Amino acid sequence: LDASTARSVMQCLSDLSKQGRTIIFSIHQPRFSTFKLFDTVLFLCKGLTIYRGPADGVVDYFAMQGYSCEMHDNPADFALDTLIDASRNPDDLEKLNQSYRKSSTHTNVLAIAEKQSYDEKLERLRRQQAGTAARSIGVEIYYVAQRTLRNTVRNPQLFLAQIMISIILGFW
C-alpha cells in the first residue's frame with residue numbers, strides 16, 4: 001500500500017477498535033503518523049517477547065533497558081533497529097526478554113490468562129454438571145406410546161395374549 005492508503009486503512013482500524021473491536025495485525029516499519037494510531041504494540045524477536053504495552057511507552061521502556069531513541073526518530077524504526085541489533089547478540093536478546101518477563105505488564109498478562117483459563121474450566125464444569133433437562137411427562141407418554149404401538153405392529157400375537165390375560169384376570 002502507498003502511505004496515504006495505509007494511513008486510511010489504519011484510521012479505519014483505529015475507529016473499529018474504539019467501537020470495542022479487537023484488531024490484531026502485523027506491520028513492518030510503519031510511518032510515525034501510523035504508529036501514533038496504535039493503542040498497544042507487541043514486539044517479538046526470534047520468538048521471544050521483548051515488549052508488550054502501550055505504543056506511546058515504547059521509547060521510555062527501551063530507555064530503561066539502556067537504548068536511547070534520538071529526538072525525532074520514529075519509535076517503530078527505533079524499536080526495529082534495536083531488535084535487529086539484539087538479534088545478533090544472544091545475550092542482549094536474552095536480557096531484553098528477561099526484562100520483559102520481570103515487568104508488571106508480563107505479570108498482568110499472566111494473571112489475566114490464568115483467570116481466563118480458570119473461568120473457562122469453571123464454565124466447562126458447570127455445563128458438565130448441569131446435564132440435560134428431564135423430559136416432561138407429555139413427552140415421556142408420547143415416546144412410551146410410540147414404542148408400544150411399534151411393538152404391537154411387530155408382534156400382534158403377543159398383543160392378543162396380553163388382552164386375553166387382562167380379560168381373564170379381570171373376571172377373577
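The values are calculated or read from the model by the stated rules, or taken from the named source; none is laboratory data. Source: prediction; values computed, not measured. Heads up, the Cβs are rebuilt from the backbone with ideal geometry, glycines too, and the neighbour counts pull from every protein chain shown.
Taking helices (runs of 4 or more DSSP H) that fall entirely within the range 83-172, which contain at least 3 residues that are over 30 Å from residue 42 (Cβ atoms)?
Values: elements: 90-102, 104-130, 137-154, 156-171.
It comes to 104-130, 137-154, 156-171.
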Exercise. Going by the structure shown, is residue 50 hydrophobic (A, V, I, L, M, F, W, C) and surrounded by 12 or more Cβ atoms within 10 Å (Cβ to Cβ)?
Worked result: yes
For this session: Please indicate, with yes or no, whether at least one residue in the range 2-12 is touching a helix residue (DSSP H, G or I) at 6+ places or on another chain (Cβ under 7 Å) and either under 26 Å from residue 104 (Cα atoms) or among the β-branched types (Val, Ile, Thr) (or both).
Result: no
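Within the range 110-122, does at least one residue satisfy the condition of being of a type outside the set (Ser, Thr, Tyr) and modelled with pLDDT of 85 or more? I'd like the intermediate steps shown before the answer.
Within the range 110-122, the subset of a type outside the set (Ser, Thr, Tyr) is 110-116, 119-122.
Subset that is modelled with pLDDT of 85 or more: none.
No, there is no match, as no residue in the range 110-122 is of a type outside the set (Ser, Thr, Tyr) and modelled with pLDDT of 85 or more.
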Problem set entry | Among residues of the range 24-45, those that are loosely packed, with under 13 Cβ neighbours inside 10 Å and touching a Ser or Thr at 6+ places or on another chain (Cβ under 6 Å), counted | 0
Exercise. Going through the range 58-80 one residue at a time, which ones are hydroxyl-bearing (Ser, Thr, Tyr) and in a helix (DSSP H, G or I)?
Worked result: 61
